[in-house]
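Peer 1: Below is one structure. I have some questions about it.
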Amino acid sequence: RKYNNFFPNLSVSWNKGNWNWQLNINEKIHRPSYRQLGNFMQYDNRFLYEGGNPTLQPEKVFNVEAMMLYKWLNVSAGYKYLKDVMEWTKYIYPGKEFAYNTSLNFDHKQLLYASVNVSPKFRIFRPTWKFNYSQQFFDTEKYGSSKALSKPLLLCSLYNKFALSETMNAAISLNAATTNADGFLMMKSNYSVNLQFDKSFANRTWIIYLYANDIFKTVKERWTMYGLGAGTTKDCYNYTCNVCLQVTYNFNAKRSKYKGTGAGNEEKSRL
């Protein structure tokens, strides 16, 4: 295939003191992967197959985003218009008695999104809190779905770090998401609580990490796909509750003539 596309990009920024404002307007394209374009058909069970779609076309993305940064506060909001949007869905395979999962193009979809990130420091308490909102405007019923799907996603990520000393840190994190729609999927709410502890020795030559993930066993995969005349529901626990002990040894932890002089620091800063 040959494509001939034009991708305009406009960026305006302003900063003064601790304030930084930026506005970005651009158009991009998302091309399908080789797997999405494949002509294979995979057997899942006697009621369900999945595979690629060789006729799948790229989706164009028009995006407008504004961002404000002030010290430890970062706020952003944006809008996306996706033309010929690619969505994973399913339909009854013609002449057969099973459903077929694949990626299909649909006329368009719109997205609104916003985020607030805060990362202040209060002595030993150094939190990083993130709050996200996103909502799709996608007429799923128009394309054959049995349900209108536009419920917004509200996502909260609270990472609470405690710098107990120069060599010891502890953290507790809470992640929560509301019930939300994504394409033809309706994702159910979930949350998780994780713990973390690390201790270093001999000028960070040795570091011990201790993790406890999903300590309340609440991270479940729960969703329903409202496809085109066919649907699927999944409700399961993927056994993400675990405790992990990690010991790291850093060779040449102290700066020496063999470690390098930081010749690439300027370039990394620029990037």
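The values are calculated or read from the model by the stated rules, or taken from the named source; none is laboratory data. Model, not experiment: these values are computed from the prediction. Neighbour counts are summed over all protein chains in view; Cβ atoms, including those assigned to glycine, are modelled from backbone coordinates with ideal geometry.
Peer 1: Only residues in the range 5-23 that are of a type outside the set (G, A, S) count as the first member; pair them with residues that are assigned to a loop (DSSP other than H, G, I, E, B), Cβ under 8 angstrom, at least 6 apart or cross-chain, and list the lot.
Peer 2: As it stands, the answer is N18/K71, since those pairs meet every condition given.
Peer 1: Hey, can you tell me all the residues within the range 111-153 that are surrounded by 16 or more Cβ atoms within 10 Å (Cβ to Cβ) and touching a helix residue (DSSP H, G or I) at 6+ places or on another chain (Cβ under 9 Å)?
Peer 2: L149
Peer 1: In addition: Tell me the residue from K147, K151, K161 that is over 30 Å from K90 (Cβ atoms), out of contact with any His (no Cβ under 9 Å at 6 or more places or on another chain) and of a type in the set (K, R), please.
Peer 2: After ruling out the rest, the residue left standing is K161.
Peer 1: If you don't mind, there's one more thing I want to ask. Of the residues that make up the range 53-67, is at least one aromatic (F, W, Y) and within 21 Å of S145 (Cα to Cα)?
Peer 2: Taking every residue of the range 53-67 in turn, none turns out to be aromatic (F, W, Y) and within 21 Å of S145 (Cα to Cα).
Peer 1: I've got another one for you. For a quick check of your reading: which strands (runs of 3 or more DSSP E) sit entirely within the range 141-203 and have at least 1 residues that are over 18 Å from the mean Cα position of the chain (by Cα)?
Peer 2: 153-163, 168-177, 190-201
Peer 1: Further question: Scan the range 217-240 for residues that are over 21 Å from the mean Cα position of the chain (by Cα) and surrounded by 14 or more Cβ atoms within 10 Å (Cβ to Cβ) and jot them down.
Peer 2: Y226, G227, L228, A230, G231, T232, listed by residue number.
Peer 1: Taking the criterion of being polar (S, T, N, Q), touching a Phe, Trp or Tyr at 6+ places or on another chain (Cβ under 7 Å) and loosely packed, with under 15 Cβ neighbours inside 10 Å, would at least one residue in the range 40-63 satisfy it?
Peer 2: Scanning the range 40-63 turns up at least one residue that is polar (S, T, N, Q), touching a Phe, Trp or Tyr at 6+ places or on another chain (Cβ under 7 Å) and loosely packed, with under 15 Cβ neighbours inside 10 Å.
Peer 1: A176 - would you say it is of a type in the set (G, A, S), surrounded by 14 or more Cβ atoms within 10 Å (Cβ to Cβ) and modelled with pLDDT of 95 or more?
Peer 2: It is true that A176 is of a type in the set (G, A, S), surrounded by 14 or more Cβ atoms within 10 Å (Cβ to Cβ) and modelled with pLDDT of 95 or more.
Peer 1: Is it the case, given these coordinates, that E166 is out of contact with any strand residue (DSSP E or B) (no Cβ under 6 Å at 6 or more places or on another chain) and more than 28 Å from W223 (Cα to Cα)?
Peer 2: Considered against the rule, which asks whether it is out of contact with any strand residue (DSSP E or B) (no Cβ under 6 Å at 6 or more places or on another chain) and more than 28 Å from W223 (Cα to Cα), E166 comes out as yes.
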